[in-house]
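What follows is a short report on a single structure.
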Amino acid sequence: MILSGIQNPARDYRPFIIPVFLPHIGCPHKCVFCNQTAITGEKRKIPSPGEISLCINRFLDYKGEKRRRVQIAFYGGNFLGLKQDDIRYLLHEAAKFVTEGRVESIRFSTRPDSIDDERLDILKEFPVATIELGVQSMDDRVLAMSRRGHTAVDTEKAVCLLKERNYEIGIQMMVGLPGDDEAGALFTGRRIAEMKPDFVRIYPTVVLDGSLLADWYKKGEYVPLPLEQCVTLVKNLYLLFKKNRINVIRMGLQASEGLDKESTMLAGPYHPSFGALVYSEIFLDKAVSILESKKNDMISIKVNPKNISKMRGLKNRNIEILKTKFHIRSIEIIPDMTLAEDMLVVD
Ligand code: SF4
């Protein structure tokens, strides 16, 4: 019997998030890869109090009675880039749900260059717990090519200010940006890890209709990462963050109607189960490293029942790879409740 531990997906970091989308609101310009309206299907406008409460109540009804940390999230734009009155208005509407005890706190995403003391002072009056920074890259050349309009130093300063005020910090990074490559993405990963955020999200760059990147793609000036290469790169970043004890709460874009349309998503490494592909590759790597020292033509692999599909891979891909690579006749995957979620046992 050979045992192997696997760094497991973030288990404890799972608040129930109620997203209120504000596509492109507060953005100083449009970054080359972005088309939030296409992704979210929402219109570009500040929602009315009625729209906000309808959206939040719909999610709260769906959540049911389960006890779990609940947060209202303002996503899809640059929250701290809004006019100060609009920031206060949106936070006020969300805070009503916190006062009623139905929601624990508020979170939002924003650009690093929108973080300063003046704007953070506004937040003091409201129950904001978590701030996500759209960092995307820590390479200034890549940031300039993506027309982000901020630098890596802006991100470092923003993280310092947020830490001083004890916010929970999330960092969003992208792979496959124009001018970036595998080494560049790992460089970004290392610099993000050094800043010690509470969690990260890793998004692949896809080509969305209506973005400047779509024009570059059509002219042959931008080539997206192939899916397999992107999965392996994101896996390496995931392992890097896990080694540094940083939760990775998302890998891949959230599936949405917009992204499933060919007319919206022109090209790129989009897969509705992108994260599952990454975890499957991690389980495959572990099984391969065990089997390299153990030859047998019939084996069984025991995993926690939650990880059966990750071990099998999409459409049994991992099983077929292992059979071919090690000339194994039969592989049985056995669920074993006694195993921790990060364990793999080969018999
Ligand atoms: S990536 Fe963020 S900052 Fe850039 S346009 Fe999109 S929402 Fe705005």
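The numbers here are math on the coordinates, done by the rules we state, and not lab data. Since the structure is predicted, the reported quantities are computational estimates derived from the model, not experimental observations. Note that each Cβ is placed from the backbone with ideal geometry, even for glycine, and that neighbours are counted across all protein chains shown.
A few comments on the model shown:
- Contour excess over end-to-end distance, with Cα ends at Lys306 and Glu341 and 0.36 nm allotted per residue: 11.9 nm
- Of the residues Arg107, Arg329, the one with the fewest other Cβ atoms within 10 Å heads the list, and the complete ranking is Arg329, Arg107.
- Rh by Kirkwood over Cα pairs, then Stokes-Einstein D for region 223-337 at 0.890 mPa s and 25 °C, µm²/s: 156 µm²/s
- Förster-model FRET efficiency, 22 Å R0, Ile328 and Gln229, C-beta, rounded to 0.05: 0.25
- Orientation-averaged projection of the chain equals 18.5 nm² [convex hull of Cα atoms, one quarter of hull surface area].
- Residue exposure sequence - Arg317, Arg58 - by fewest surrounding Cβ within 10 Å: Arg58, Arg317
- Distance between region 145-194 and region 307-321 - C-alpha centres, whole angstrom: 33 Å
- Top positive-direction residue, dipole computed over the chain with Cβ charges, set Gly176, Leu123, His327: His327
- Listing Ile17, Ile282 from fewest to most neighbouring C-beta atoms within 10 Å gives Ile17, Ile282.
- Folded to 0 to 90 degrees: helix 317-326 orientation relative to the chain principal axis, Cα: 40 degrees
- Placing pseudo-labels 7 Å out from each Cα toward the beta carbon at Gln254 and Ala267 gives an inter-label distance of 2.8 nm.
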